[in-house]
Amino acid sequence: MYKKRFFFILSLIIIFTAAFFHLSKTHLLKHDIESLNNLKNIVPVAIIGSGPAGSSGAIFSARGLYHTVVFQGPYPGGQLTRTMRVENWPGTISASGSEIIETIKKQAQNFGAIFSNETITKVDFSSWPFKLWTDSGKQINALTVIIATGGVPKKLNIPGEEEYFGKGVAVCGICDAAFHKGQIVTVVGSGDAAMQEAELLAKFAKKVIIIVGKESPHATAIMKEQIKNIPNIELLLNTMATKIIGDGKTVTQIEIEDNTTKQKKLLDIGAAFVGIGQTPNTKIFKNQVPMNKKGFINVICNTQNTTIDGIYAAGTAVHKKFTKAISGAGDAVKAAISAMNFLEHLELNQFLKEHDSKLYRPLTNDIERIGKGKEFEEKILNSKKASIVIFYSSSCATCNYALSLLDQLSPHFKEKYNFFKIEKKNLQDVAQKYNITSLPSILLFKDGKLELNIEGKITKEELEEFLES
Ligand SMILES: Cc1cc2nc3c(=O)[nH]c(=O)nc-3n(C[C@H](O)[C@H](O)[C@H](O)COP(=O)(O)OP(=O)(O)OC[C@H]3O[C@@H](n4cnc5c(N)ncnc54)[C@H](O)[C@@H]3O)c2cc1C
């Protein structure tokens with residue numbers, strides 16, 4: 001009886017404290033519409049991140065006729081672009097992650113959303129309008145912000161992991177399990193998430209080997225009990241994964257090492273799942289919005305609101321159990337609707353109509369795609385103007401980054417070059433002719449001849465230097 005009463009009173013204290021904190025925080029911000037008169041670079045709905053969450057939110061706010069800018073950041077399209085096959089995006093039986101993201105982006109652009117190639121490097125949410133700084137040195141005055149910066153799956157950092165990422169090395173069991181029917185697969189990890197991945201994979205795979213670095217998994221007791229009862233799951237304790245091996249196309253083996261004996265062994269496998277968690281991309285929001293110890297942003301229950309009115313968070317950046325493309329998209333839709341309600345409440349529509357020239361409109365320059373050998377000949381080899389051509393694969397994250405850099409830098413070099421992009425799988429013979437073995441590869445053509453090339457991971461400074469050459 002006393003216990004019940006104690007918990008009831010404790011719950012009331014928690015609820016009132018949370019409400020007080022929320023109200024006091026939102027109360028601090030003055031929404032002074034007059035102050036907007038003196039500002040430029042205004043963005044009514046600023047979305048930070050262009051993964052399934054950010055891009056989907058943009059459909060709603062842009063369709064609601066609010067000027068929406070999506071800051072795409074270092075990985076345009078987000079994590080989903082790293083997979084060649086998605087079979088759990090509603091309305092699409094099967095498509096590559098890039099195709100899905102491209103469609104969402106087009107849908108949002110059709111309603112007027114602008115996808116900027118900028119990354120947000122700093123924010124200040126202590127007063128309204130909120131301030132965002134971009135990597136191109138601009139200061140944005142955002143009336144609402146949706147944080148959709150996602151996360152990065154933690155890596156093992158072992159040889160072969162990056163090379164075979166998306167080609168047998170995977171981080172999402174529920175997404176990829178069906179592709180490994182009847183195979184032997186490994187899951188590296190020891191927490192609940194890794195156990196859940198293994199449980200799901202066991203429904204498809206012939207055998208699932210969980211590689212645990214310690215004496216025992218640190219998953220909850222119930223999870224460990226469930227795993228024990230699944231006959232095709234084997235726990236390999238006190239063992240580290242040390243290398244991923246493949247045949248160039250897909251993973252074929254994993255090298256493991258016994259922590260005690262230091263003996264190494266090769267296991268034949270069809271896929272290596274990594275389930276050691278995600279790191280949220282939320283560093284720039286530290287001390288700006290409440291987040292948990294791991295850096296996941298806290299939202300107020302059943303909403304995407306943070307404790308600051310006008311700032312919302314969605315997708316993998318938010319602390320929650322479900323981190324799938326569609327759940328992130330759903331979050332962002334809720335965030336976009338809340339952002340629109342916030343703006344409506346401020347009765348800003350007339351002001352925004354009258355001050356259209358104050359709105360921020362970043363340069364966007366989608367590089368022309370070459371898909372046929374004939375086009376390559378006409379537009380690049382026979383052109384009098386020099387051309388910069390990037391060979392890429394839509395499932396390679398470093399390619400997406402290089403593409404976004406090129407997109408960002410190309411307006412500054414448009415007098416000197418024409419810019420093109422070629423997905424390697426579409427023009428294999430051309431790729432072979434120019435000896436394209438690693439991606440991304442950026443080539444400079446002049447007078448029909450290959451003059452220079454640069455390949456692999458590239459920084460903005462290196463690319464600038466290359467274009468200036
Ligand atoms: C290989 C692989 C396969 C997967 N398969 C599936 C699947 O089949 N089905 C499924 O539902 N899920 C799948 N997932 C999971 C899914 O991709 C994620 O749940 C989803 O992408 C999360 O979406 P998000 O928008 O929250 O974040 P992300 O996709 O991580 O996107 C984050 C975005 O934020 C941007 N960003 C980061 N920092 C900044 C900044 N400072 N300024 C501006 N922008 C910034 C990034 O550039 C990126 O655009 C898979 C994941 C991987 C890696």
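The values are calculated or read from the model by the stated rules, or taken from the named source; none is laboratory data. What you are looking at is a predicted structure, and each value in this text was computed from that prediction instead of being measured. All Cβ positions, even for glycine, are placed from backbone atoms using ideal geometry, and neighbour counts span all protein chains on display.
Just a few scattered comments:
- Every condition in (1) surrounded by 22 or more Cβ atoms within 10 Å (Cβ to Cβ); (2) touching a strand residue (DSSP E or B) at 6+ places or on another chain (Cβ under 6 Å) holds for W128 except the one numbered (2).
- Those residues of segment 192-212 which are in a loop (DSSP other than H, G, I, E, B) and surrounded by 16 or more Cβ atoms within 10 Å (Cβ to Cβ), in sequence order: A202, F204, A205, V212
- Condition broken by N37, with the remaining ones in (1) at pLDDT 90 or above; (2) within 28 Å of F130 (Cα to Cα); (3) not aliphatic (A, V, I, L, M) satisfied: (1)
- Inclusion of T307 among residues that are in a loop (DSSP other than H, G, I, E, B), surrounded by fewer than 19 Cβ atoms within 10 Å (Cβ to Cβ) and on the phi < 0 side of the Ramachandran plot is warranted.
- Selected residue (only one of N349, N302, N382 is in the same structural domain as P411 (by TED's automatic domain parsing) and farther than 26 Å from N117 by Cα): N382
- Exclusive hit being touching a helix residue (DSSP H, G or I) at 6+ places or on another chain (Cβ under 8 Å) and at pLDDT below 95, set T364, T398: T364
- Selection from segment 451-465 of residues that are touching a Leu at 6+ places or on another chain (Cβ under 6 Å) and modelled with pLDDT of 90 or more: E451, L452, N453, L463
- Selection count, segment 27-52, where residues are farther than 20 Å from Q139 by Cβ and over 9 Å from the mean Cα position of the chain (by Cα): 2
- Filter result (more than 25 Å from P74 (Cβ to Cβ) and part of a helix (DSSP H, G or I)) within segment 365-421: G373, K374, E375, F376, E377, E378, K379, I380, L381
- Failed item in (1) at pLDDT below 95; (2) farther than 28 Å from G150 by Cβ; (3) of a type in the set (D, E, K, R); (4) part of a loop (DSSP other than H, G, I, E, B), with K262 passing the rest: (1)
- Figure legend. Inter-residue proximity from segment 319-347: first residues in contact (Cβ under 8 Å) with a residue 40 or more places away in the chain, second residues charged (D, E, K, R) and part of a loop (DSSP other than H, G, I, E, B), beta-carbon distance below 9 Å, spacing 6+ or different chains. Indicated pairs: D331/K320; F342/D309.
For every residue, the table says whether it meets (1) assigned to a loop (DSSP other than H, G, I, E, B); (2) within 13 Å of the ligand (Cβ to nearest atom); (3) more than 23 Å from I101 (Cβ to Cβ).
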{"position": "L267", "(1), (2), (3)": "no, no, yes"}
{"position": "N287", "(1), (2), (3)": "yes, no, yes"}
{"position": "I300", "(1), (2), (3)": "yes, no, yes"}
{"position": "T316", "(1), (2), (3)": "no, yes, no"}
{"position": "A335", "(1), (2), (3)": "no, yes, no"}
{"position": "F351", "(1), (2), (3)": "no, no, yes"}
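- Close pairs from segment 149-177: first closer than 13 Å to Q253 by Cα and in a loop (DSSP other than H, G, I, E, B), partner of a type in the set (S, T, Y) and more than 10 Å from the ligand (Cβ to nearest atom), Cβ under 9 Å, at least 6 apart: P159/T242; Y164/T250; K167/T250; G168/T250; G168/T252
- Conditions (1) touching a helix residue (DSSP H, G or I) at 6+ places or on another chain (Cβ under 7 Å); (2) among the aliphatic types (A, V, I, L, M); (3) modelled with pLDDT of 95 or more; number of the one not met by L348: (3)
- Of all the listed residues (G64, G57, G91), the sole one being out of contact with any Phe, Trp or Tyr (no Cβ under 7 Å at 6 or more places or on another chain), farther than 21 Å from S394 by Cβ and surrounded by fewer than 23 Cβ atoms within 10 Å (Cβ to Cβ) is G64.
- Meets criteria (of a type in the set (D, E, K, R), over 26 Å from K206 (Cα atoms), assigned by TED's automatic domain parsing to the domain that holds G310 and in contact (Cβ under 8 Å) with a residue 60 or more places away in the chain) for K138: yes
- Filtering segment 414-437 to residues that are of a type outside the set (D, E, K, R) and more than 17 Å from K379 (Cβ to Cβ) leaves Q428, Q432, N435, I436, T437.
Yes/no matrix, rows are residues, columns are (1) over 30 Å from V86 (Cβ atoms); (2) among the hydroxyl-bearing types (S, T, Y); (3) surrounded by 14 or more Cβ atoms within 10 Å (Cβ to Cβ); (4) in contact with an Asp or Glu (Cβ under 6 Å, 6 or more places away or on another chain):
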| site | (1), (2), (3), (4) |
| --- | --- |
| I388 | yes, no, yes, no |
| C399 | no, no, yes, no |
| L403 | no, no, yes, no |
| F420 | no, no, yes, yes |
| S438 | no, yes, no, yes |
| S469 | yes, yes, no, no |
